[in-house]
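Q: Structure below; questions to follow.
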Amino acid sequence: MSRRTGFASAAVAGTLAALVLLLLLPVIVRLPWIGDLGMHAATVERLSGDLRHPGNPLVDADTPSPYYSPWTLLLGWVARVTGLSVFVVLRIGALVGLTLLVTGGWRYVRTLSRHPAAPPLALLCLVLLWGTTLFAWSGFLALDSLALTVAYPSVPALGLALHLWAWLPRAAASGGWGTWIALGVLWAVILLCHQFSGVVASLGALATVLAARPGRRRWLRPVAGLAAGALVLWSWPYYDFFALVGAENGLESVHRSLYDDLLGRYWLVLLGVVALGARFRRDRRDPLVLFFACGAAVFVAGGATGHWSWGRVLPAALIPAQLAAALEVLEPARRRVRAAWAAALAGALMVGAWAQAGTLGHATGRAALPRAVGAEYRRPWAGYHWITPWVRRGDVVMARVEPSRQIPAYGAYTVAPGYPDVFLADAADREAAVDRYFAPDARSESRRETERRYGVRWVVDRDGVLGGDAELREVARGPHGQVLYAAPGPARRGPGG
């Protein structure tokens, strides 16, 4: 490939990658609410109130939580010092996390190829080379998924992982003890920020070090780095990291869907698997090949043994395949071979872009989309800001699962957590209490006892469901027929009271 052609391809890839990044900026401003945003907002909310002893982020209980990480601690400190609202702080965090992701990807790809088009082309493959069945989950970098999870801790965690992989080859060649200890601390920070992305980071780091072939004498330094990282994990004061190993409490059943419709979700990545085969023929210890092998092995093992949460390691197989697809275009092969590969990759990227075109709606709103594109747009949740004139920080709200995933973001607690909580011993009792409370045949005496037991001040439910309970006083109405009730007990505050 001539130098002129190389710079032209870099300009094209760079322009397209910049357009993708520009699309994500208004998404960050709008901050679409679907999925776990309420959990992360609630975590920052608790830390902004008490950095040292925040308690459970969702329910009124003094328990540790794996969501109290170095990242959320930083965001909580920012919210506490500046007085900014939690959602403004999350937007700032999303911008920082996206910056870490882009710069980390750029640095890591530069360790694999010096071609100027490699980093932007790799970015395009990371966000577009997926499948035609949309799938959003934290730690998965498809454009649609990234738009919905850009404010989650998984984004800065993966960004730091990319920086870690970029630093490792040089450290393996000439890094001293201090370098390896610093890398071990960074590894621990990634694991604490987002445990599943931390596993992906660990597999990528292992593949990178193995591919670098450090001498026998130099292996003691990576071991020292691991020891330093393990010490950080052991000493983290907000939760017992090692207690998460083997923890169930609903996590396995939640992740069962990760093994569904694999072909529809990821068939475009098969192009990258072919590219990995070509890299393997050239170098049996290629870092991307080793990375893919590690990730695929763990993912398959999870499916074979019923450990569905192991499916969260799938990015460890997807990322190296996507990067291999981008880099193969730039290999010094015969012109016809390179042209055929470029055409195949361009076609795959266009299919991926069309499949995820609904992401535009998160930046513009659905009304601005053509009908064919708007059909793929997932409307965000409405939120529960409408209860805040009455419900204050620390109040307990009785609500079903879906509202319980959002209400704590505004400072209130719910009776049962909206998400699995491995450290909440009475989670099952709380969930059963909520079910009994909303049962059609529930007696008034039983509801009052549940309210006293958990300190319930407010109730949120659909219009008419609790209308027969004369002791509940309607206070406000929200979207989709929802109603805020005041529970019997001490006098309730009015708006602004």
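Q: Show me the trypsin sites (Lys or Arg not before Pro) within the range 314-362 that DSSP assigns to loop and that have at most 13 other Cβ atoms within 10 Å of their Cβ.
A: Answer in residue order: Arg334.
Q: Can you send over the solvent-accessible area of Phe292, 1.4 Å probe, protein chains only, in Å² to the nearest 10?
A: 60
Q: Pairing the Cα long axis of helix 118-128 with the longest principal axis of the chain, what angle in degrees results, from 0 to 90 and rounded to the nearest 10?
A: 40
Q: Something else: Report Tyr238's accessible area, 1.4 Å probe, all protein chains in place, as a number in Å² to the nearest 10.
A: Near enough 40 Å² of accessible area.
Q: Now a separate question. For the Cα atoms of the chain, what angle does the longest principal axis make with the long axis of helix 427-438, in degrees from 0 to 90, nearest 10?
A: With rounding to tens, the tilt is 50 degrees.
Q: For Arg30 and Arg52, compute 0.36 nm times the residue count separating them, minus their Cα-Cα distance, and round to one decimal in nm.
A: Between Arg30 and Arg52, full extension yields 4.8 nm more.
Q: Rounded to a whole number, what % of the accessible area of the chain do carbon and sulfur atoms account for, probe 1.4 Å?
A: Whole-percent figure for carbon plus sulfur exposure: 62.
Q: Counting only the heavy atoms of the protein chains, how much of Arg221 is accessible to a 1.4 Å probe, in Å² to the nearest 10?
A: Rounded to the nearest 10, that gives 60 Å².
Q: Top to bottom by accessible area (1.4 Å), largest first, where do Asp435, Asp283 land?
A: Asp435, Asp283
Q: A follow-up question, please. Leaving ligands, DNA and RNA out of it, rank Val185, Val483 by accessible area with a 1.4 Å probe, largest first.
A: The most accessible residue leads, giving Val185, Val483.
Q: Per DSSP H run of at least 4 residues, take -39500 (n - 2.57); add these up for the chain, divide by its residues and hand me the 222 nm value, nearest 500 deg cm²/dmol.
A: For the chain, the value works out to -18000 deg cm²/dmol.
Q: 7 Å from Cα along Cα→Cβ at both His307 and Trp386: what's the point-to-point distance in nm?
A: The answer from the label model is 4.5 nm.
Q: Moving on. How would you rank 252-258, 267-273, highest first, on the average number of other Cβ atoms within 10 Å across their residues?
A: 267-273, 252-258
Q: Which value in nm describes the separation of the simple spin-label points at Ser444 and Arg366, placed 7 Å from the Cα toward the beta carbon?
A: About 4.1 nm separates the two model spin labels.
Q: Could you work out the local net charge near Gly352, counting Lys and Arg as +1, Asp and Glu as -1, over the other residues with Cβ closer than 12 Å to its Cβ?
A: 0
The values are calculated or read from the model by the stated rules, or taken from the named source; none is laboratory data. These numbers come from a predicted model, not from an experiment. Here Cβ is always computed from backbone atoms with ideal geometry, including for glycine, and neighbour counts include all displayed protein chains. The protein model used for the area step is the full one, side chains on, heavy atoms only, and it has no ligands, DNA or RNA in it. Shrake-Rupley method; radii C 1.70, N 1.55, O 1.52, S 1.80 Å.
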